[in-house]
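The values are calculated or read from the model by the stated rules, or taken from the named source; none is laboratory data. Everything numeric here is computed off the predicted structure, so don't read it as measured data. Every residue, glycine as well, gets a Cβ built from its backbone with ideal geometry; the counts of neighbours run over all protein chains shown.
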Amino acid sequence: MAASSGSVEGWEAYILSELSLDPNIEWTVILQHKEPMSAASALADRIKRKWRRIPAGLALRFMERVDELAGRSAYPSIGKFQVDERYPLPDLLPGVPVLHVTPNESASRLVQRFDEETIKTIREYQLDLLIRFGFKILRGKILSAARFGIVSYHHADNRVNRGGPCGFWEVYNDLGQTGSTLQVLTEELDSGTVIKRGIYPTHRFSWAGNRRRLRATSTLLMIDAIRELARERRWCPLPDPRPLSVYAHPLYVNPGFRDSLTFLGKLAGRSLKHVGSRIFSIRQWRILYQVGPAPSQGVEPPAPANLILWKFKQLVPPRGRFYADPFLCWRDGKLYLFVEDFSRATGKAVISWLEWMGKEWKYGGVALDCPYHLSYPFVFEHQGRVFMIPESYASRRVELWEAEEFPGRWKLARVLLDNVRAVDSTILAKDGSLYLFTNLDRSETHDPGTELHIYSIPDLLNGTLCPHARNPVIQDCRVARNAGGFFTDSQGRLIRAAQINSSGYGEGLVFREVKRLTSEEYEEETLETVLPQWEPGLEGMHHTHFAQGSIVMDSLHRVQRFF
């Protein structure tokens, strides 16, 4: 491991602590930067080099202080570590020897190289891998001093952002998503071999909050990659479908004086708009529906090829409640609707059911009520029995319930996954096999919409679920989170509906074709994107379900409080 000092930040400490639990990983040596100058000399050198940038530096520090107050409570920890605090390396890696090294710096003081003697000493350790948690831009023979190179973060999506600082320009430009790239370093800046990439929602109101969340959630990129390397003894780079890699964006640098002041103005404007909207209005989820004729026995029609959303009818919930995450179920010739039924008075939701009466939905009652919040009532039939997998994030379990007296009485059949933070779990039956698609918040940073995991289910009611070899198969907040059941379109393609959750929750839907699903591979691609823009006052949508010719969706409406 390569570090600039004898300590690392909390997010780095979390990575080291998690990797230390793996029996296949052994720490050999810590390469630690040996500072040739005293602290006083280093300070004098920085002042000499940067005196002309003092106004920009003061503005940047002022901006950071104000921004830190706004984001002081946002994502401060990962595991037992505070993201921004520093932790001594001897406490994290006890007994691991330290090799003090002094790199040669370029005239710009940005690039560092090592002399032949240092490279020879490093190679004597016969390292498989170097993890970069410090130093500057590394070039030269150090890049090949370990068998599998140097693995390092670029805390941005290197396809659209190269440079820094971490997480700033995404907030400044109000981009919906912030990326993180794990790469094996090459001579070209931020253009190494990409091993993993994650795309996460941007914290729109704080650079500090965005930076902390990005560093905390992206720790899993390195943990997963190094565990895979230790297990398979080779890197598995991300495929790049582009015929030619072209970077056509600027090289981002630290914000200047004008940028810092502009940034504070932007944050103030966003915050005032957000607070004002909450004072004068509320948001309410409603159900959109289009009911078809009762299905023929044993015939499963494909989803319609043409949907006109402004023609859909609305199911408006009672005042003080909202309905979301609708699922349909035909049973004995009758059509039932299961929804997340949220009460503002209690601050949590139950699962309620409604019955289609020919022209309207009739409320039937509560199907499932637990001490914790429930949503996403995925209802399905299996071997003649009816089951439900509701979202129960707060319980830290993925629960399977079975109907005792359909539709209003259910019993817990088993726990599919325990001690996990999971949302929007969905079953796919394909080629005689059952699969569970679920979204996990492994970092426990309240970001359950970035990772999609797949498990095969040998036996629905017994036995252990088998995780997919490439879990998480997706790490992208724009397409990872499930948005209803799978369906087959008019061309016979298997479609997974997914949510867009970048700059906000429930921005829209994407329909993605499942191209390949094996025990070792998973591939899907986007066919269609649907945004809530067919009528005024719409602010979101994040769910759809097709059931034998009938369709439901949900939509988010801004409702005035006082008018």
(request) Kindly state which strands (runs of 3 or more DSSP E) lie completely within the range 444-563 and contain at least 3 residues that are in contact with an Asp or Glu (Cβ under 9 Å, 6 or more places away or on another chain) and loosely packed, with under 15 Cβ neighbours inside 10 Å. (result) 522-530
(request) State whether one or more residues within the range 200-210 are among the charged types (D, E, K, R) and under 24 Å from GLY269 (Cβ atoms). (result) yes
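Which residue, of PRO293, PRO302, is assigned to a loop (DSSP other than H, G, I, E, B) and surrounded by 15 or more Cβ atoms within 10 Å (Cβ to Cβ)? Spell out how you get there, then give the answer.
Details: PRO293 fails: surrounded by 15 or more Cβ atoms within 10 Å (Cβ to Cβ).
Within the list PRO293, PRO302, the selection yields PRO302.
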(request) Could you grab me the full set of residues in the range 181-220 that are more than 13 Å from the chain's Cα centre (by Cα), farther than 17 Å from ARG139 by Cα and part of a loop (DSSP other than H, G, I, E, B)? (result) ARG204, PHE205, SER206
(request) From the list GLN112, GLN183, pick out the single residue that is assigned by TED's automatic domain parsing to the domain that holds LEU221, in contact with a Gly (Cβ under 7 Å, 6 or more places away or on another chain) and surrounded by 18 or more Cβ atoms within 10 Å (Cβ to Cβ). (result) GLN183
(request) Give just the number: which of (1) at pLDDT 85 or above; (2) surrounded by fewer than 10 Cβ atoms within 10 Å (Cβ to Cβ) does ILE287 not satisfy? (result) (2)
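Within the range 230-244, how many residues turn out to be surrounded by 10 or more Cβ atoms within 10 Å (Cβ to Cβ) and either modelled with pLDDT under 90 or within 18 Å of GLY198 (Cα to Cα) (or both)?
Start the filter on the range 230-244 by keeping residues that are surrounded by 10 or more Cβ atoms within 10 Å (Cβ to Cβ), which leaves 230-233, 235-238, 240.
Keeping just the survivors that are either modelled with pLDDT under 90 or within 18 Å of GLY198 (Cα to Cα) (or both) gives 235-238, 240.
Qualifying residue count, the range 230-244: 5.
Please tell me if GLU404 is without any contact (Cβ under 8 Å) to a residue 24 or more places away in the chain and surrounded by 14 or more Cβ atoms within 10 Å (Cβ to Cβ). Steps first, please.
On the way: without any contact (Cβ under 8 Å) to a residue 24 or more places away in the chain: yes; surrounded by 14 or more Cβ atoms within 10 Å (Cβ to Cβ): no.
So GLU404 fails the test.
On the phi > 0 side of the Ramachandran plot and of a type outside the set (S, T, N, Q): which single residue out of GLY292, GLY320, GLY256, GLY276 fits that description?
Working: GLY292 fails: on the phi > 0 side of the Ramachandran plot; GLY256 fails: on the phi > 0 side of the Ramachandran plot; GLY276 fails: on the phi > 0 side of the Ramachandran plot.
That would be GLY320, the only listed residue that is on the phi > 0 side of the Ramachandran plot and of a type outside the set (S, T, N, Q).
Being part of a loop (DSSP other than H, G, I, E, B) and in contact (Cβ under 8 Å) with a residue 60 or more places away in the chain is the filter here; which residues of the range 246-260 pass it?
TYR247, HIS249, PRO250, VAL253, ASN254, PRO255, GLY256 - these are the residues of the range 246-260 that are part of a loop (DSSP other than H, G, I, E, B) and in contact (Cβ under 8 Å) with a residue 60 or more places away in the chain.
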(request) Please list, ordered by first then second residue, the pairs with beta carbon atoms under 7 Å, 6 or more apart or interchain, first in the range 203-227 and assigned by TED's automatic domain parsing to the domain that holds GLY176 and under 14 Å from GLY176 (Cα atoms), second of a type in the set (D, E, K, R) and buried (at least 24 other Cβ atoms within 10 Å of the Cβ). (result) HIS203/ARG213; ASN210/GLU170
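Sort through GLY209, GLY167, GLY198, GLY163 and tell me the only one that's of a type outside the set (A, V, I, L, M) and either closer than 24 Å to ARG123 by Cα or surrounded by fewer than 20 Cβ atoms within 10 Å (Cβ to Cβ) (or both). Steps first, please.
Numbers: GLY209 fails: either closer than 24 Å to ARG123 by Cα or surrounded by fewer than 20 Cβ atoms within 10 Å (Cβ to Cβ) (or both); GLY167 fails: either closer than 24 Å to ARG123 by Cα or surrounded by fewer than 20 Cβ atoms within 10 Å (Cβ to Cβ) (or both); GLY198 fails: either closer than 24 Å to ARG123 by Cα or surrounded by fewer than 20 Cβ atoms within 10 Å (Cβ to Cβ) (or both).
Just one listed residue meets the conditions, GLY163.
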(request) Give me a count of the residues in the range 191-227 that are closer than 18 Å to ASN173 by Cα and among the small types (Gly, Ala, Ser). (result) 3
(message) Suppose the filter is within 27 Å of GLY508 (Cβ to Cβ), of a type outside the set (D, E, K, R) and at pLDDT 95 or above; does ILE195 pass it?
(response) no
(request) Looking only at the range 536-549, decide whether some residue is assigned by TED's automatic domain parsing to the domain that holds PRO377 and more than 24 Å from ILE308 (Cβ to Cβ). (result) no
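Yes or no, residue by residue, for (1) modelled with pLDDT of 95 or more; (2) over 20 Å from PHE338 (Cα atoms):
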{"position": "GLY463", "(1), (2)": "no, yes"}
{"position": "VAL473", "(1), (2)": "yes, yes"}
{"position": "GLY504", "(1), (2)": "no, yes"}
{"position": "GLU523", "(1), (2)": "yes, yes"}
{"position": "THR544", "(1), (2)": "yes, no"}
{"position": "ALA547", "(1), (2)": "no, no"}
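Taking the range 373-385 as the region of interest, how many residues are touching a helix residue (DSSP H, G or I) at 6+ places or on another chain (Cβ under 6 Å) and either at pLDDT below 95 or among the hydrophobic types (A, V, I, L, M, F, W, C) (or both)? Steps first, answer last, please.
Within the range 373-385, the first condition is being touching a helix residue (DSSP H, G or I) at 6+ places or on another chain (Cβ under 6 Å), and the residues that meet it are 373.
Checking which are either at pLDDT below 95 or among the hydrophobic types (A, V, I, L, M, F, W, C) (or both) leaves us with none.
Of the residues in that region, 0 qualify.
Out of the residues in the range 475-499 that are basic (Lys, Arg) and under 12 Å from the mean Cα position of the chain (by Cα), which is nearest to ILE551 (Cα to Cα)? I'd like the intermediate steps shown before the answer.
At the first step, the residues of the range 475-499 found to be basic (Lys, Arg) are 478, 481, 493, 496.
With under 12 Å from the mean Cα position of the chain (by Cα) added as a condition, the list becomes 478, 481.
Values: ARG478: 23, ARG481: 20 Å.
Among residues in the range 475-499 that are basic (Lys, Arg) and under 12 Å from the mean Cα position of the chain (by Cα), the one nearest to ILE551 (Cα to Cα) is ARG481.
Look at the range 317-337 and say how many of its residues are under 22 Å from GLY358 (Cβ atoms) and within 31 Å of the chain's Cα centre (by Cα).
Residues of the range 317-337 under 22 Å from GLY358 (Cβ atoms): 317-318, 323, 326-337.
Pick out the ones that are also within 31 Å of the chain's Cα centre (by Cα) and you get 317, 323, 326-329, 337.
Looking only at that region, the number is 7.
Give the residue that is surrounded by the fewest Cβ atoms within 10 Å (Cβ to Cβ), with candidates limited to residues of the range 80-109 that are hydrophobic (A, V, I, L, M, F, W, C) and either within 30 Å of THR445 (Cβ to Cβ) or outside the structural domain of LYS34 (by TED's automatic domain parsing) (or both). Don't jump to the end; show me each part of the working.
At the first step, the residues of the range 80-109 found to be hydrophobic (A, V, I, L, M, F, W, C) are 81, 83, 89, 92-93, 96, 98-99, 101, 107.
With either within 30 Å of THR445 (Cβ to Cβ) or outside the structural domain of LYS34 (by TED's automatic domain parsing) (or both) added as a condition, the list becomes 81, 83, 89, 92-93, 96.
Numbers: PHE81: 23, VAL83: 24, LEU89: 22, LEU92: 21, LEU93: 20, VAL96: 15.
The selected residue is VAL96.
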(message) Checking the conditions here, which among ILE122, ILE131, ILE142 is in contact with a strand residue (DSSP E or B) (Cβ under 9 Å, 6 or more places away or on another chain), surrounded by 16 or more Cβ atoms within 10 Å (Cβ to Cβ), under 29 Å from ILE474 (Cα atoms) and among the β-branched types (Val, Ile, Thr)?
(response) ILE131
